[in-house]
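One structure below.
The values are calculated or read from the model by the stated rules, or taken from the named source; none is laboratory data. These figures come from a predicted structure and were not determined experimentally. Glycine also receives a Cβ, built like all others from the backbone with ideal geometry; neighbour counts cover every protein chain displayed.
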Amino acid sequence: MRCDKAHSMISLEMDGLLPHEQTPHLERHLTGCDVCRDFRADLLLGARMLQATGAEPSDAFEWKLQLKLNQALQEAAGARVPWDEAPGRFSFGWVRGFALSSVAGLAATLALAVWVLPQGLNAIGGGDEPARTELVQVDDSAVGASAGDADRRSLTPTASTRLTTLPGNPAGASGLGARTVNQARVFDMDPQGAKDIWPGTMRSRSLATLQGEVAWLRDQVRQVRSENDSLRALLKDGSMGYLERNETRRE
Amino acid sequence: MTDRHLDSQSPRPQTYADLRDEELIALVQQGQKRAYDELVRRFKGRLFSFILRMVGDPVEAEELAQDTLIRAYIHADKYREIARFSTWLFTIATNLVRNQVRKKKRRPYMLSLDPAPEDDGQMPVDPADPHADPTQDLEGEELGRLIAEATRQIPEKYRIPFLLREIEELSYEEIQQVTGLKLGTVRSRINRARNRFRSNIKPLLKNESLLEDLERLEARMNADD
């Protein structure tokens, strides 16, 4: 019998798995082979060493275990039901939720544009003439009878008012430029006066005005997109590839 | 095992230490937490020892041992007595160890910036056991360190079945269940691990002082039993 075969049999013998009929063969080999006899003795001694040198955990093991177990059980018990699956709640698909939030955002942007943008544009916009935001007195007859008539009558002065910018601020300038809604006679207005009239301004604005402003916003978005494309082209040459990947993902 | 421990008039056994592991886990399934405490007492050392020899770090070994016991508690209802409880438990432990070893191989070594638990002042300090004999710890320390090192040098795929056999005395079939290996593979890997282990510890086997340490450790173990 070769020694490597004997080593395998010794390993099985240690585990009580050596077939009975093979035991005499192994014993005969071990009688004449010092190397294999030493091998068996070393394995048995090594097993004793392994058994005797087992380690014990620290004294803190059990209370740490208890802490972790309590935490795990609390997490398992308190696992929250996703809000859109909770009983009694309206279940939004994520697409609908996204669409709704997008519409809400757009409405908020439009409202902001109507309220704030004219003044902001005048402050930021370029051109030779400084931007000014002033109240414009508009003839009632120009506006025509509409649902806002009653509100307009409640305002002081009696004519309806509209916020606009002077024609000196060019429309469609790059960046946030000033814009012209329409042209009319302009009166200087002190801040307090503006405050008195402002609450009624929204009600007095016509649909056409709002549509004009939406068109203006779309122009601005197109400009920004065009600038983004230019920037993207510049970045492609550089090392900021992550922006490109984000753009690709968004598209 | 009589039924007196399990009859309905005395739902709690008089002593959990008398019950088999399988009976204890059955009580855990019924909600008896004390039965789980007994299982923890029985297996914490064995789990820790096995896992320590796999991962080499005592802190990590403790965490993995705790994770094993936590999973056993949470998923106690999944245990069926078609296998020994120890086989089931060490299957959980082996999987956790394998996952940990795989994670370590994937990421480079990182040094944690978090203070050690003992340093942040929030964890209570474990008081030293006033009755412990420090000389006893030193006796086996060198031998333990050398054996641990010799074990760690065995490749992981051989080490798991080797330790399950040598330390936990699981049968080949049980090791087959734990590791998912074929029976023949279990046999050959244990054989190879023993050859490797023997080569690693050869220098120690003729060291008289280490052999004396071994005898003292064995005497202490027998006295504890």
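Here are a few things to note about the model shown:
- Meets criteria (within 27 Å of A:Ala55 (Cβ to Cβ), under 15 Å from the mean Cα position of the chain (by Cα) and either modelled with pLDDT under 95 or more than 12 Å from chain A (Cβ to nearest Cβ) (or both)) for B:Phe43: no
- Enumeration of residues in region B:212-225 that are more than 21 Å from A:Arg37 (Cβ to Cβ), under 21 Å from the mean Cα position of the chain (by Cα) and either at the interface with chain A (Cβ under 8 Å from one of its Cβ atoms) or among the acidic types (Asp, Glu) (or both): B:Leu217, B:Glu218, B:Met221, B:Asp224, B:Asp225
- Any hit, region B:137-159, residues being among the aliphatic types (A, V, I, L, M) and at pLDDT below 65: yes
- For region A:208-232, the candidate set comprises residues that are of a type in the set (Val, Ile, Thr) and more than 24 Å from the chain's Cα centre (by Cα); within that set, the residue that is nearest to A:Ala111 (Cα to Cα) is A:Val214.
- Exactly one residue among B:Glu174, B:Glu169 is of a type in the set (D, E, K, R), surrounded by 17 or more Cβ atoms within 10 Å (Cβ to Cβ), closer than 18 Å to A:Gly16 by Cβ and more than 8 Å from chain A (Cβ to nearest Cβ), and that residue is B:Glu174.
- Selection status of B:Ala35, more than 12 Å from the chain's Cα centre (by Cα) and more than 12 Å from chain A (Cβ to nearest Cβ): yes
- For region B:42-64, the candidate set comprises residues that are of a type in the set (Gly, Ala, Ser) and within 17 Å of B:Lys103 (Cβ to Cβ); within that set, the residue that is surrounded by the fewest Cβ atoms within 10 Å (Cβ to Cβ) is B:Gly56.
- Selected residue (criterion: farthest from the other protein chains (Cβ to nearest Cβ)) from residues of region B:177-211 that are within 21 Å of B:Thr91 (Cα to Cα) and in a loop (DSSP other than H, G, I, E, B): B:Gly180
- The sole residue among B:Ile92, B:Ile82 that is away from chain A (no Cβ under 13 Å), under 19 Å from B:Glu169 (Cβ atoms) and free of Cβ contacts under 8 Å to residues at least 60 places away in the same chain is B:Ile92.
- Candidates in region B:212-225 are the residues that are of a type in the set (D, E, K, R) and in a helix (DSSP H, G or I); of these, the one that is surrounded by the most Cβ atoms within 10 Å (Cβ to Cβ) is B:Asp213.
- Meets criteria (among the basic types (Lys, Arg), farther than 30 Å from A:Gln211 by Cβ and modelled with pLDDT under 90) for A:Arg96: no
- Residues in region A:15-43 that are of a type in the set (Val, Ile, Thr) and without any contact (Cβ under 8 Å) to a residue 24 or more places away in the chain: A:Thr23, A:Thr31.
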